[in-house]
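The values are calculated or read from the model by the stated rules, or taken from the named source; none is laboratory data. Remember, it's a predicted structure, so these values are computed and weren't measured experimentally. Cβ atoms come from the backbone with ideal geometry, glycine included; neighbour counts cover every protein chain shown. Each accessible area value is taken on the protein alone, full model and side chains, heavy atoms only, with ligands, DNA and RNA left out. Shrake-Rupley method; radii C 1.70, N 1.55, O 1.52, S 1.80 Å.
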Amino acid sequence: MQDTHMSTNQHTLDLDRAHVFHSWSAQGALTPFVIAGASGTEVWDYEGRRYLDFSSQLVNVNIGHAHPKVVAAIQEQAAILPTVAPAHANLVRGEAAARILAKAGAEFGKVFFTNGGADANENAIRMARITTGRDKILSTYRSYHGNTGAAVVATGDWRRVPNEFARGHVHFFGPFPYRSEFWATTPEEEGVRALRHLERVIQSEGAESIAALLLEGIPGTAGVIMPPPGWYAGVRELCDRHGILLIIDEVMSGFGRTGDWFAWQNPELNPDGIVPDLVTFAKGVNSGYVPVGGVIISESIANAFDDQVFPGGLTYSGHPLAAASIVASVDAMEEEGIVDNAAAIGREVLGPGLHALAESHAMIGEVRGVGVFWALDLVTDRASRTPVPAATIGALKKELMDRGYLPFTADNRLHVVPPCTVSPEEVLRALAILDEAFTAVGG
């Protein structure tokens with residue numbers, strides 16, 4: 001039996017290497033990890049090796065793997081109406097939109113469904129440009145907004161550079177107290193100086209030319225960078241003063257990840273309660289069980305298209321299988337207290353555990369996060385904050401995998417991002433594995 005499992009593992013890998021072209025990769029040296037099945041916070045291969053999934057795949061499996069209510073909803077919808085054109089009305093699509101709007105708040109009127117987070121940002125940008133009559137989109141250098149035309153150019157990291165075919169994008173430095181661009185010594189100082197920098201960019205670009213600011217609720221792939229005090233309110237004030245729309249990208253930070261339905265609703269991050277004009281989502285809205293994303297549209301912007309055509313659409317917009325999975329996910333999250341669980345886990349177990357880990361391992365320069373959304377900024381020296389090299393990250397990943405922990409890494413960071421359903425016992429297991437792995441790599 002073991003030979004059969006081993007051959008299935010190898011056969012899967014052989015098929016992948018022969019026929020599958022992977023994203024963001026040089027293809028020749030890849031050896032992808034084979035996943036045969038998953039449940040809750042665990043995944044396993046065909047040989048029966050089990051791993052704690054503290055990557056949530058791409059930080060999207062918020063409700064955990066194979067949640068029975070979501071699986072059942074998809075199965076039931078597939079038997080009733082597996083697909084329908086977006087021009088028609090469909091009950092489950094309307095229910096999905098209503099569920100999302102109920103969480104976003106009374107300021108929002110409609111939902112435009114997309115296939116994922118990238119085209120959610122793409123269409124939010126389009127809405128902003130059409131309704132303002134302006135062209136430029138401002139976003140930060142430390143950001144990721146997706147891999148379609150405008151979204152990848154709005155992205156700030158290296159992936160933008162080979163793909164700069166879209167027009168009208170301007171970047172600025174957002175706040176990042178640990179690696180400040182502004183010589184700040186406190187988060188408060190960082191916030192003030194970052195806002196001043198943003199104001200100068202707006203002035204220099206010409207406020208009358210700027211359609212929108214596009215910001216992640218919490219920059220995720222860039223390092224789980226927590227907004228400093230006053231950032232949200234300051235950005236909203238600048239937008240209002242200059243007639244600029246505020247788009248908050250909640251693709252990674254939304255639907256439970258921060259212990260809130262949306263990061264911008266977190267009272268510690270946004271004590272002034274400012275509200276964006278457009279919100280983009282994907283990932284956690286249905287944990288990726290079926291590809292879906294969307295734009296949550298404020299009443300005023302939605303009304304702007306009552307008498308003018310919105311020049312955008314997608315064949316699979318509001319796909320019924322995706323809509324059914326959204327309804328089931330949001331309902332299950334409410335019924336089972338999953339968002340509250342994420343908040344409690346971060347506050348009581350995961351956050352304290354990661355801070356304790358940092359006290360034992362000098363390689364951990366900073367611990368950042370909230371809910372089940374954390375990053376460890378790994379350094380060779382705490383005083384200089386020099387990032388560890390790629391070889392150290394590679395060695396750490398191997399040690400973690402060998403101990404049954406599936407990690408998410410980016411640059412010099414280990415992101416600790418389990419499903420929102422993770423239990424305290426699973427977090428303690430993961431913390432023990434992390435402790436062993438850091439010890440093994442000399443950290």
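Under 6 Å by Cβ, and 6 or more places apart or on different chains, what pairs join a residue from segment 301-312 that is under 14 Å from Asn123 (Cα atoms) with one that is of a type outside the set (Phe, Trp, Tyr) and open to solvent by 40 Å² or more (accessible area, probe 1.4 Å)?
Ile301/Thr131; Ala302/Lys110; Gly312/Arg126
Taking Leu350, is it within 27 Å of Val251 (Cβ to Cβ) and in a strand (DSSP E or B)? Working first, answer last.
Details: within 27 Å of Val251 (Cβ to Cβ): yes; in a strand (DSSP E or B): no.
Criteria not met by Leu350.
Has segment 148-170 got at least one residue that is closer than 21 Å to Ile244 by Cβ, surrounded by 24 or more Cβ atoms within 10 Å (Cβ to Cβ) and touching a residue at least 60 places away in the same chain (Cβ under 8 Å)?
Yes, that holds for at least one residue.
Quick grid of which residues meet (1) closer than 26 Å to Met127 by Cβ; (2) touching a Pro at 6+ places or on another chain (Cβ under 7 Å); (3) at pLDDT 95 or above:
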{"site": "Thr155", "(1), (2), (3)": "yes, no, yes"}
{"site": "Trp158", "(1), (2), (3)": "no, no, no"}
{"site": "Val161", "(1), (2), (3)": "no, no, no"}
{"site": "Gly168", "(1), (2), (3)": "yes, no, yes"}
{"site": "Phe176", "(1), (2), (3)": "no, no, yes"}
{"site": "Arg179", "(1), (2), (3)": "no, no, yes"}
{"site": "Phe182", "(1), (2), (3)": "no, no, yes"}
{"site": "Thr185", "(1), (2), (3)": "no, no, yes"}
{"site": "Glu190", "(1), (2), (3)": "no, yes, yes"}
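Here is a yes/no grid of residues against (1) at pLDDT below 95; (2) open to solvent by 70 Å² or more (accessible area, probe 1.4 Å):
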| site | (1), (2) |
| --- | --- |
| Leu13 | yes, no |
| Asp16 | yes, no |
| Trp24 | yes, yes |
| Gln27 | yes, no |
| Leu30 | yes, no |
| Ala38 | no, no |
| Thr41 | no, no |
| Trp44 | no, no |
| Arg49 | no, yes |
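Which numbered condition in (1) touching a residue at least 60 places away in the same chain (Cβ under 8 Å); (2) assigned to a strand (DSSP E or B); (3) polar (S, T, N, Q) is the only one that Thr409 fails?
The single condition Thr409 does not satisfy is (1).
Is it the case that segment 110-118 has a residue that's in contact (Cβ under 8 Å) with a residue 12 or more places away in the chain, part of a loop (DSSP other than H, G, I, E, B) and aromatic (Phe, Trp, Tyr)? Walk me through how you get there before you give the answer.
Here is the first cut: in segment 110-118, the ones in contact (Cβ under 8 Å) with a residue 12 or more places away in the chain are 110-118.
Okay, now just the ones that are also part of a loop (DSSP other than H, G, I, E, B), so 115-116.
Filter again for aromatic (Phe, Trp, Tyr), leaving none.
Checking segment 110-118: not a single residue is in contact (Cβ under 8 Å) with a residue 12 or more places away in the chain, part of a loop (DSSP other than H, G, I, E, B) and aromatic (Phe, Trp, Tyr).
Inspect segment 394-413 for any residue being β-branched (Val, Ile, Thr), within 21 Å of Val59 (Cα to Cα) and modelled with pLDDT of 95 or more and give the result as yes or no. Even if it seems obvious, please write down each step before you answer.
Applying the first criterion (β-branched (Val, Ile, Thr)) to segment 394-413 yields 409.
In the following step, the residues that additionally are within 21 Å of Val59 (Cα to Cα) were identified as 409.
Of the ones still in play, those that are also modelled with pLDDT of 95 or more are 409.
The answer is yes, given that some residue of segment 394-413 is β-branched (Val, Ile, Thr), within 21 Å of Val59 (Cα to Cα) and modelled with pLDDT of 95 or more.
Among the residues of segment 213-232, is there at least one that is in contact with a Leu (Cβ under 6 Å, 6 or more places away or on another chain) and buried (at least 23 other Cβ atoms within 10 Å of the Cβ)?
Initially, segment 213-232 is screened for residues in contact with a Leu (Cβ under 6 Å, 6 or more places away or on another chain), giving 213, 227.
Checking which are buried (at least 23 other Cβ atoms within 10 Å of the Cβ) leaves us with 213, 227.
Yes, there is a match, as at least one residue in segment 213-232 is in contact with a Leu (Cβ under 6 Å, 6 or more places away or on another chain) and buried (at least 23 other Cβ atoms within 10 Å of the Cβ).
Since Pro177 meets every condition but one in (1) of a type outside the set (Asp, Glu); (2) open to solvent by 20 Å² or more (accessible area, probe 1.4 Å); (3) touching a residue at least 60 places away in the same chain (Cβ under 8 Å), which condition does it not meet?
(3)
Take segment 357-406 and flag every residue that is of a type in the set (Lys, Arg) and open to solvent by 30 Å² or more (accessible area, probe 1.4 Å).
Of segment 357-406, the ones of a type in the set (Lys, Arg) are 368, 382, 385, 397-398, 403.
Arg382, Arg385, Lys397, Lys398, Arg403 - these are the residues of segment 357-406 that are of a type in the set (Lys, Arg) and open to solvent by 30 Å² or more (accessible area, probe 1.4 Å).
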